[in-house]
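J.: Dumping the structure here so I can ask a few things about it.
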Amino acid sequence: MNDIQALDSRKTSFTQRFPSMLSTLVDSGHSPGLCTGKRVDFAERILELFNLTELFDFIDGGDVGISKSMQLERLGRNGVDLGSSVMIGDRDSDVLAGKDHHLATVGVLWGFGSRRELEEARPTHLAEKPAALMALSKLF
C-alpha cells in the first residue's frame, strides 16, 4: 500500500465513523458548528450528502480573502458564544484562528495537516485519533 492509498483508507474509515461520533457529541450536550474555508454552499452540499446538516448549530464558510480568524470574528458578532467554544481543526490556520480569539484548540492528526504543522501551531490539545477527540470532549 502506498502513502496515498493509506491516507485514502484512513479518511474513508473516519468518514464512516464521523456521523456517530458527531451524534455522540450532540447527545452529550455539545453544540457543533462548522467553520470551513470552503464556500458555505459547498459545505452545505457536502453535509447534506452525508445527512449531517441537522447536527450542526451553524455552518459558516469562507471565501477568497476571508481568513478563519475573520470568520470567527463574524460568528461572534452574529451571536455565537466564542467564550465557550473550542476550535477543532486539522490545519495550523484552525489552531491559530482559535488562539487569536482565546479559544481552547484541538489539532486533529487524521486530516490534511501534518503533525509538524500542528505542533508548531501549539494547540491546547493534540488528538491522534477520533477516540482521543471524544475523550477530550469531556473536558469541554
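J.: In the range 81-140, how many are of a type in the set (Phe, Trp, Tyr) and closer than 16 Å to Ser31 by Cα? Before the answer, list the steps.
T.: Within the range 81-140, the subset of a type in the set (Phe, Trp, Tyr) is 110, 112, 140.
Of the ones still in play, those that are also closer than 16 Å to Ser31 by Cα are 140.
Total satisfying the criteria: 1.
J.: Sticking with this one: State which residue pairs qualify: first residue farther than 18 Å from Ala97 by Cα and inside the range 33-44, second residue hydroxyl-bearing (Ser, Thr, Tyr) in any location, beta carbons under 7 Å apart, and separation of 6 or more residues or different chains.
T.: Taking only residues 6 or more apart or on different chains, the pairs are Ala43/Thr36; Glu44/Thr53.
J.: What are the pairs, 6+ residues apart or on separate chains, where a residue within the range 64-91 that is more than 27 Å from Met21 (Cα to Cα) and without any contact (Cβ under 8 Å) to a residue 12 or more places away in the chain has its Cβ under 9 Å from a residue that is of a type in the set (A, V, I, L, M) and surrounded by 18 or more Cβ atoms within 10 Å (Cβ to Cβ)?
T.: Met70/Ala97
For (1) in contact with a Pro (Cβ under 9 Å, 6 or more places away or on another chain); (2) within 20 Å of Ser137 (Cβ to Cβ); (3) surrounded by 14 or more Cβ atoms within 10 Å (Cβ to Cβ); (4) not β-branched (Val, Ile, Thr), each residue gets a yes or a no:
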position	(1), (2), (3), (4)
Val40	no, no, yes, no
Asn51	yes, no, no, yes
Asp63	no, no, no, yes
Ser67	no, no, yes, yes
Arg77	no, no, no, yes
Leu96	no, no, yes, yes
Ala104	yes, yes, yes, yes
Val108	yes, yes, yes, no
Glu117	no, no, yes, yes
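J.: Within the range 90-97, can one find any residue that is in contact with an Asp or Glu (Cβ under 6 Å, 6 or more places away or on another chain) and at pLDDT 90 or above?
T.: Applying the first criterion (in contact with an Asp or Glu (Cβ under 6 Å, 6 or more places away or on another chain)) to the range 90-97 yields 92.
Okay, now just the ones that are also at pLDDT 90 or above, so 92.
The answer is yes, given that some residue of the range 90-97 is in contact with an Asp or Glu (Cβ under 6 Å, 6 or more places away or on another chain) and at pLDDT 90 or above.
J.: Now a separate question. So Leu55 clears everything in (1) in contact (Cβ under 8 Å) with a residue 24 or more places away in the chain; (2) under 27 Å from Ala131 (Cβ atoms); (3) in contact with a strand residue (DSSP E or B) (Cβ under 8 Å, 6 or more places away or on another chain) except one condition, right? Which one?
T.: With (1) in contact (Cβ under 8 Å) with a residue 24 or more places away in the chain; (2) under 27 Å from Ala131 (Cβ atoms); (3) in contact with a strand residue (DSSP E or B) (Cβ under 8 Å, 6 or more places away or on another chain) applied to Leu55, the lone miss is (3).
The values are calculated or read from the model by the stated rules, or taken from the named source; none is laboratory data. Because the structure is a prediction, the values reported are computed rather than measured. Glycine gets a Cβ as well: all are built from the backbone with ideal geometry, and neighbour counts include every protein chain shown.
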